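Let me begin by presenting the structure, written as structure tokens, before commenting on it.
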Amino acid sequence: MNEETRNKNGIGNEQKKSPGEKPAERKKIILSGIQPTGIFTLGNYIGAIRNWGVMQEEYHCAYFIADLHSLTVRQEPAALRKQSLEAFALLLACGIDPDKSLVFIQSHVHNHAELSWILSCNSSFGALSRMTQFKDKAARHADNVNAGLFTYPALMAADILLYQPDYVPVGEDQRQHLEFTRDIVEHFNGIYGNVFRMPEAYIPKAGARVMSLQDPAKKMSKSDPNPNAYISILDEPNVIINKFRRAVTDSETEVCFREGKDGINNLMTIYSVITGRSLDQIERDFAGKGYGDFKAEVGSAVAEKLRPIREDFARFMQDKEWLAQQYRRGAEKAAEISARTLAKVKKKVGLLMP
Ligand code: ATP
Ligand code: LTN
């Protein structure tokens, strides 16, 4: 890697200083990932990806498609391959710029799987058994409760710790996995010295848990069997508007944010994040109007916000060669950066270096 590239995507690089100069403030490192289990939803966008593009202006950022994680649930091979490419193109369409951030596909960088094994050997069975995502997914896929589904948090910890990030921007559902990663850091550093930097979850205040449009007690999820439950970020405007029109709310009429009004609270949160208006302002703007008017307004605002993403995605998907160049370039840099942490870990745990 030449010096210019190193500074552009210098995840984990210490900045050089001349003798006598005060150490420059280290630019913080951000890392996050998303599974290619389908087209991203408005939940993924609001809870996570929306912040990723913004952060790349200020931090060193690394974002990746977590395809190895998707194997914990049975996938159709051709569909997974197609979805991985689409997910990569979607990240770029959501504003992640491969000239500013490190963007890659997890399985292209074998260091993730390798560190995952070492961290599995430092993960307690009891802690893994308490993961709510494991319990949920094991119940939903009772015919395929595999070892990977169980050790998933150790792979996620490896993804994170290889790049020594300061912050990990995710939605609320990933908080427990982040805590698990932090426990590994404490345990591992306690035994082997200061190997890993302690990462912190970065969870947005509003929209950390966008709920299903059909069952506001459940989170919006891209693998929901009912497509009316989620907004896909590639849905056409008329589809988006119709899904919001049919969103499940309560039997009242007043647009206000109150305990117990989960459906309307969810729509107000979405509208607030998308338009930048506060909940109070929204209550004032819709005073005297019914749910029908409000739902129509949320639908159009979301459709307008997602329009450029849909257009950029279509454009990127037309140039597969360019996309391949981007993910190869990302994998090459990611491999080089992550190899440094992996080598340090191998030495610390006592593996004989080749
Ligand atoms: P799956 O349905 O396959 O489990 P998912 O839609 O839950 O997928 P993930 O790939 O697990 O999506 O998550 C990607 C990112 O989006 C994570 O940071 C996660 O916390 C965030 N996220 C997922 N669903 C929501 C949601 N409903 N609200 C807010 N953030 C979300
Ligand atoms: N487990 C996450 C995806 C994921 C991730 C990561 C997020 C895999 N590795 C590392 C942040 C950092 C999910 O299902 N949302």
Meets criteria (part of a helix (DSSP H, G or I), away from ligand 1 (no atom under 16 Å from the Cβ) and within 30 Å of K205 (Cβ to Cβ)) for L119: no
Please go through the range 92-126 and give me each residue that is over 24 Å from A154 (Cα atoms) and either buried (at least 18 other Cβ atoms within 10 Å of the Cβ) or more than 15 Å from the chain's Cα centre (by Cα) (or both), ordered by number. L92, A93, C94, I96, D97, P98, D99, K100, S101
Segments classed as helices (runs of 4 or more DSSP H), wholly inside the range 1-95, with at least 3 members that are modelled with pLDDT of 95 or more: 67-70, 77-93
Residues being of a type in the set (G, A, S) and under 22 Å from K137 (Cα atoms): count how many of those fall in the range 198-225. 5
Checked the range 84-110 for anything touching a residue at least 60 places away in the same chain (Cβ under 8 Å) and among the acidic types (D, E); matches are E86, D99
Looking only at the range 149-173, which residues are in a helix (DSSP H, G or I), out of contact with any Ser or Thr (no Cβ under 6 Å at 6 or more places or on another chain) and either more than 12 Å from ligand 2 (Cβ to nearest atom) or of a type in the set (S, T, N, Q) (or both)? F150
If the requirement is being outside any helix (DSSP H, G or I) and surrounded by 13 or more Cβ atoms within 10 Å (Cβ to Cβ), which of these qualifies: K295, K305, K289? K289
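Okay, residues lined up against (1) acidic (D, E); (2) closer than 17 Å to K346 by Cα; (3) without any contact (Cβ under 8 Å) to a residue 12 or more places away in the chain:
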{"site": "F150", "(1), (2), (3)": "no, no, no"}
{"site": "A157", "(1), (2), (3)": "no, yes, no"}
{"site": "L162", "(1), (2), (3)": "no, yes, no"}
{"site": "V168", "(1), (2), (3)": "no, no, no"}
{"site": "V185", "(1), (2), (3)": "no, yes, no"}
{"site": "G193", "(1), (2), (3)": "no, yes, no"}
{"site": "R197", "(1), (2), (3)": "no, yes, no"}
{"site": "E200", "(1), (2), (3)": "yes, no, no"}
{"site": "K205", "(1), (2), (3)": "no, no, yes"}
Flag if A334 is among the hydrophobic types (A, V, I, L, M, F, W, C), touching a strand residue (DSSP E or B) at 6+ places or on another chain (Cβ under 8 Å) and at negative phi: yes
With the requirement that a residue be closer than 18 Å to T151 by Cβ and within 8 Å of ligand 1 (Cβ to nearest atom), what does the range 38-68 give you? A66
State all residues of the range 28-37 that are closer than 18 Å to I160 by Cβ and within 12 Å of ligand 1 (Cβ to nearest atom); if no residue qualifies, say none. L31, S32, G33, I34, Q35
So how many residues does the range 198-233 have that are away from ligand 1 (no atom under 12 Å from the Cβ) and surrounded by 17 or more Cβ atoms within 10 Å (Cβ to Cβ)? 2
Of the residues K205, K218, only one is under 26 Å from T132 (Cβ atoms), over 17 Å from the mean Cα position of the chain (by Cα) and among the basic types (K, R); which? K218
All but one of (1) surrounded by fewer than 18 Cβ atoms within 10 Å (Cβ to Cβ); (2) on the phi > 0 side of the Ramachandran plot hold for Q164; state the number of the condition that does not hold. (1)
Check off (1) buried (at least 17 other Cβ atoms within 10 Å of the Cβ); (2) within 14 Å of ligand 1 (Cβ to nearest atom); (3) among the β-branched types (V, I, T) for T132 and give me the number that stays unchecked. (1)
Taking L323 as the residue in question, decide whether it is of a type in the set (A, V, I, L, M, F, W, C), under 25 Å from the mean Cα position of the chain (by Cα) and surrounded by 13 or more Cβ atoms within 10 Å (Cβ to Cβ). yes
Looking at (1) within 11 Å of ligand 1 (Cβ to nearest atom); (2) not in a helix (DSSP H, G or I), which is the one condition that is false for L178? (2)
Only residues that are crowded, with 17+ Cβ neighbours inside 10 Å and either outside any helix (DSSP H, G or I) or aromatic (F, W, Y) (or both): list them for the range 255-286, please. V255, K261, Y271, F286
Filter the range 122-148 down to residues that are under 28 Å from N189 (Cβ atoms), aliphatic (A, V, I, L, M) and assigned to a helix (DSSP H, G or I), then give me how many there are. 3
Sole miss for V248 among (1) closer than 30 Å to I39 by Cα; (2) in a helix (DSSP H, G or I) is condition (2)
Looking at the range 171-178, is at least one residue over 26 Å from G330 (Cβ atoms) and at pLDDT 95 or above? yes
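The values are calculated or read from the model by the stated rules, or taken from the named source; none is laboratory data. Everything numeric here is computed off the predicted structure, so don't read it as measured data. Cβ sites come from the backbone with ideal geometry, for glycine too, and all protein chains shown count toward neighbours.
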